[in-house]
Amino acid sequence: MERLDVIIVGGGLAGLSCAYGLKDSGLSVLVLERGEFPGTKNMTGGRLYLNPVYPYMDGMFDDSVLERKIVRERWTLLAKNSSLTFDFTSEKLRYENHSYTVLRGRLDKHIAEKLLAQGVLVVPKYRVDGLIMTDGKVDGVTVGDERLYANVVVIAEGALSILTRRLGLKEELKANDYAVGIKEVIGLSANTINERFNVGEREGVAHLFIGDVTEGIFGGGFLYTNIDTVSLGIVVKISSVINAYPKIKTYELLERFKERFEIKTLIREGETLEYSAHLIPEAGFRGCAKLYGNGVLIVGDAAGLALNMGFTVRGMDFAIVSGILAAETIKEAYDKGDFSESVLKGYADKLKESFVLKDLNTFRHMPDFLDNDDIFAHYPEKFPAILEKLTYFGCGPKGKTWDILWPFIKEMVSLRTIKVLLSAKKI
């Protein structure tokens, strides 16, 4: 087979963005996707921050594939028998295009169709099994017995990063550096969503939960509203699941979550349309791969470009920009006729100058801060409990407010809380 200019392994956001960045370059580009079509293998919390990616998008997708603009941010501390919810909205969220929910099946397929219309080959149902190495350079890929050659291979294979680790560009998988996410997409009418979540037409909610949703282990729950569905799921760190006692089954956590009063009233009469699970990088900056090699670039989740910030999780904006910057680097390499590591290193330099590696570096201590059981077990129980004591009236006389608050204050102003606050200074 004729040698191609670029082969992209993986038709997720990172791979498709790279192909989009190359669509007008005149280079022969082939995207290989193992799923039925781009998007079928992708599962995310479903929220995309637009401001960071606007300067890079160049019409890659339009409003038609965005679900709902997030105008309400909610966080809930979920105790065993009670909960405390913070609900934030603002005119800024309402009138700016800050962030939207998306369904990856729709978004990724839309981008792939735009690429096909412009002559970029996006081939589904093709699983890359290995890499071809020639004189220490990545020279192509193998698909079964087929050998496909290219001057540059872009690995956008997702969080499992099998090819990336075979190249030695990323450490072996560690249970403490990854989480598993389980999500259902539940169908509800658009009007039902508007009424239950107190939002207007095409307005939506991003709602995160910690505490009993994961039985107090590292992780949380999420609910995002789409046009006529909601994305509901949980994410738990794999090492926390392994070490939990008594043992925890992740699919049972999701079923319990759906039966909570706080959730079942929101999804009642809804129909489960999709169910999926996915591996999520959680190591932040320290989990990033080496981003380049001779004839190869690593983008998106495969490079570990994901960030759990506690109050939100980012990854899709990182994937898009990493793909676009990889495309820019490839075009520079073609201008020089040099696909060696010394030229492709320019991709890492571009990422360092972008918000992607700057944000990952700024929040590099976040994984250590979140690796604290008190955040997921102790505080989600204590705060709803004190609210219940303050607002409950029994048959006898009500005690002084101070007498209710003082034991709580003494417990909160403790060495364990001071330790949490001191560790928070690093984030």
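The values are calculated or read from the model by the stated rules, or taken from the named source; none is laboratory data. Everything numeric in this text was worked out from a predicted model, so none of it was measured. No Cβ is skipped: glycine too gets one built from the backbone with ideal geometry, and neighbour counts run over all protein chains shown. Each accessible area value is taken on the protein alone, full model and side chains, heavy atoms only, with ligands, DNA and RNA left out. Shrake-Rupley method; radii C 1.70, N 1.55, O 1.52, S 1.80 Å.
Of the residues that sit in segment 223-249 and are of a type outside the set (Val, Ile, Thr) and crowded, with 23+ Cβ neighbours inside 10 Å, which one is farthest from TYR49 (Cα to Cα)? Let's see the steps before the verdict.
Filtering segment 223-249 for residues of a type outside the set (Val, Ile, Thr) gives 223-224, 226, 228, 231-233, 237, 239-240, 243-247, 249.
After this cut, where a residue has to be crowded, with 23+ Cβ neighbours inside 10 Å as well, the list is 223-224, 226, 231-233, 237.
Values: LEU223: 16, TYR224: 14, ASN226: 15, SER231: 17, LEU232: 19, GLY233: 19, LYS237: 24 Å.
Top of the filtered list is LYS237.
Looking at the structure I just gave you, is VAL313 open to solvent by 10 Å² or more (accessible area, probe 1.4 Å) and touching a Leu at 6+ places or on another chain (Cβ under 9 Å)? Reasoning before the result, please.
On the way: open to solvent by 10 Å² or more (accessible area, probe 1.4 Å): yes; touching a Leu at 6+ places or on another chain (Cβ under 9 Å): yes.
Considered against the rule, which asks whether it is open to solvent by 10 Å² or more (accessible area, probe 1.4 Å) and touching a Leu at 6+ places or on another chain (Cβ under 9 Å), VAL313 comes out as yes.
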**Asked** Within segment 160-174, how many residues are open to solvent by 40 Å² or more (accessible area, probe 1.4 Å), touching a residue at least 40 places away in the same chain (Cβ under 8 Å) and either in a helix (DSSP H, G or I) or of a type in the set (Phe, Trp, Tyr) (or both)?
**Response** 0
**Prompt:** Just checking, which of LEU266, LEU232 is within 22 Å of ALA306 (Cα to Cα) and modelled with pLDDT of 95 or more?
**Reply:** LEU232
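Is it the case, given these coordinates, that LYS389 is loosely packed, with under 13 Cβ neighbours inside 10 Å and of a type in the set (Lys, Arg)? Please lay out each step first, then the result.
Values: loosely packed, with under 13 Cβ neighbours inside 10 Å: no; of a type in the set (Lys, Arg): yes.
It is false that LYS389 is loosely packed, with under 13 Cβ neighbours inside 10 Å and of a type in the set (Lys, Arg).
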**Asked** Here is a list of conditions, (1) within 20 Å of the chain's Cα centre (by Cα); (2) open to solvent by less than 30 Å² (accessible area, probe 1.4 Å), and TYR54 meets all of them except one; can you say which number that is?
**Response** (2)
**Request:** Test LYS426 against the criterion of being among the charged types (D, E, K, R) and under 24 Å from the mean Cα position of the chain (by Cα), and give yes or no.
**Result:** yes
**Request:** Quick one: which residue in GLY59, GLY119 is closer than 24 Å to LEU27 by Cα, open to solvent by 10 Å² or more (accessible area, probe 1.4 Å) and in contact (Cβ under 8 Å) with a residue 60 or more places away in the chain?
**Result:** GLY119
**Asked** Just one of the numbered conditions (1) in a loop (DSSP other than H, G, I, E, B); (2) more than 30 Å from LEU93 (Cα to Cα) is not true of GLY200; which one?
**Response** (2)
**Request:** Could you list, in sequence order, all residues of segment 231-277 that are farther than 17 Å from LEU208 by Cα and aliphatic (A, V, I, L, M)?
**Result:** ILE238, VAL241, ILE242, ALA244, ILE248, LEU273, ALA277
**Selection from segment 261-285 of residues that are surrounded by 19 or more Cβ atoms within 10 Å (Cβ to Cβ), part of a helix (DSSP H, G or I) and β-branched (Val, Ile, Thr)** = ILE263, ILE267
**Message:** Looking only at segment 404-415, count every residue that is assigned to a helix (DSSP H, G or I) and either open to solvent by 100 Å² or more (accessible area, probe 1.4 Å) or touching a strand residue (DSSP E or B) at 6+ places or on another chain (Cβ under 6 Å) (or both) and tell me the total.
**Reply:** 3
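Any chance you could count how many residues in segment 5-26 are outside any strand (DSSP E or B) and farther than 25 Å from TYR54 by Cβ?
Going through segment 5-26, the residues outside any strand (DSSP E or B) turn out to be 10-26.
Going one step further and asking which of them are farther than 25 Å from TYR54 by Cβ, we end up with 26.
Result for segment 5-26: 1.
For the condition of a type in the set (A, V, I, L, M), in contact (Cβ under 8 Å) with a residue 24 or more places away in the chain and part of a loop (DSSP other than H, G, I, E, B), what is the one hit in ILE242, ILE227, ILE234, ILE210?
On the way: ILE242 fails: part of a loop (DSSP other than H, G, I, E, B); ILE234 fails: part of a loop (DSSP other than H, G, I, E, B); ILE210 fails: part of a loop (DSSP other than H, G, I, E, B).
Result of the check over ILE242, ILE227, ILE234, ILE210: ILE227.
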**Message:** Which of the numbered conditions does LYS114 fail, given that it passes all the others? Conditions: (1) open to solvent by less than 50 Å² (accessible area, probe 1.4 Å); (2) basic (Lys, Arg); (3) touching a residue at least 60 places away in the same chain (Cβ under 8 Å).
**Reply:** (1)
**Message:** Regarding segment 130-149, can at least one residue be identified that is open to solvent by less than 50 Å² (accessible area, probe 1.4 Å), basic (Lys, Arg) and more than 30 Å from HIS207 (Cα to Cα)?
**Reply:** yes
**Asked** What number goes with the only condition from (1) under 29 Å from THR272 (Cβ atoms); (2) not in a strand (DSSP E or B) that VAL185 does not pass?
**Response** (2)
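Yes/no matrix, rows are residues, columns are (1) crowded, with 22+ Cβ neighbours inside 10 Å; (2) of a type outside the set (Val, Ile, Thr):
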residue	(1), (2)
LYS290	no, yes
VAL296	yes, no
VAL299	yes, no
LEU307	yes, yes
ASP317	yes, yes
SER322	yes, yes
SER354	no, yes
ASN361	no, yes
LEU370	no, yes
